[in-house]
Amino acid sequence: MTANRITTQLRRMRRDWDRRARENARFYVATLQDQWSDDEFYRSGEATFREQILTDLENICQGRNPREMTVLEIGCGAGRVTRSLARHFGRVYAVDISAEMVRQARRGLADFPNVRILRNNGRDLSALRTNWWNRWGIGPRLRLDFAFSCIVFQHIPNREIIESYVRDVNRRLRPGGLFKFQVQGSPLVKPNADDTWVGMPFSERDAREMASRCGFEMRYHTGAGSQYYWLWFFKEREIR
């Protein structure tokens, strides 16, 4: 796909997700119900955190103290899962393509000084190349101990954009670190390049080939053939 076409898609994604966030951010983040109270919304994030993080700490932490780890969430939306990450891990970066989602997430997590929520460009982690690191004394070469994404890539109708994220996570992740994320796995899905709701599906072969190209080992996977196809990518080598 041409660079101009990708740029057009990214603009459309940003526009559509800003519109959705203004209309009903919490519904578009978690479509189980139309209206969410604060308690309900964050409890749903806690459930995701328990299911995907707390049950997998051996792979995620690898013997490290969570309070000493720096983690990243891609596609944080209104901060549904971000709050639980902030309660458990030492430093949390969260990015989203929508300025309105970022605004709402920052407002909802204002009491968590260990969180930095940034608007990104929708295809990589260049938003992290800011002076935020000065506040934490990490240095300009931010290193992540763990990266996570849930119900995000299933909305991206372009594998090149998803792979761009995966490559950039590799550049930031420490050797051996885990990027755990979910993609669309149903072969019945037929995405449209102009649609920013239905994302490109991945087969097991697609996922393994992407892992290899991006310097990861796909050690585990679950949910192949379904909407919730979870992938465990462990960093093997640096991607330049």
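The values are calculated or read from the model by the stated rules, or taken from the named source; none is laboratory data. Values in this document were obtained by computation on a predicted structure and should not be read as measured data. Don't worry about glycine lacking a Cβ; one is built from the backbone with ideal geometry, like all the others, and counts go over all protein chains shown.
Being modelled with pLDDT of 95 or more, closer than 19 Å to Ile117 by Cα and surrounded by fewer than 11 Cβ atoms within 10 Å (Cβ to Cβ): is that true of Arg22 here?
No: the conditions fail for Arg22.
Here is a yes/no grid of residues against (1) surrounded by fewer than 19 Cβ atoms within 10 Å (Cβ to Cβ); (2) modelled with pLDDT of 95 or more; (3) of a type in the set (Phe, Trp, Tyr); (4) in contact with a His (Cβ under 6 Å, 6 or more places away or on another chain):
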site	(1), (2), (3), (4)
Phe153	no, yes, yes, no
Val166	no, yes, no, no
Leu173	no, yes, no, no
Gln184	no, yes, no, no
Asp195	yes, no, no, no
Pro201	no, yes, no, no
Arg213	yes, yes, no, no
Gly225	yes, yes, no, no
Trp232	no, yes, yes, no
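Taking the criterion of being under 26 Å from Thr196 (Cβ atoms) and in contact with a helix residue (DSSP H, G or I) (Cβ under 7 Å, 6 or more places away or on another chain), would at least one residue in the range 12-19 satisfy it?
yes
Looking at Phe89, Phe179, Phe112 in this structure, which one is under 12 Å from the mean Cα position of the chain (by Cα) and either at pLDDT 95 or above or within 18 Å of Ala30 (Cα to Cα) (or both)?
Every option except Phe179 fails the conditions.
Using beta carbons and a limit of 6 Å, which pairs, at least six apart or on different chains, have the first residue in the range 86-102 and under 22 Å from Asn121 (Cβ atoms) and the second one part of a strand (DSSP E or B) and of a type in the set (Gly, Ala, Ser)?
Within 6 Å, no pair qualifies.
Examine the range 203-218 for a residue that is touching a Pro at 6+ places or on another chain (Cβ under 9 Å) and part of a loop (DSSP other than H, G, I, E, B), and state whether such a residue exists.
The answer is yes; a qualifying residue exists.
Answer yes or no: is there a residue in the range 166-185 that is farther than 21 Å from Val95 by Cα, in contact with a strand residue (DSSP E or B) (Cβ under 6 Å, 6 or more places away or on another chain) and free of Cβ contacts under 8 Å to residues at least 60 places away in the same chain.
Yes; the residues of the range 166-185 include at least one that is farther than 21 Å from Val95 by Cα, in contact with a strand residue (DSSP E or B) (Cβ under 6 Å, 6 or more places away or on another chain) and free of Cβ contacts under 8 Å to residues at least 60 places away in the same chain.
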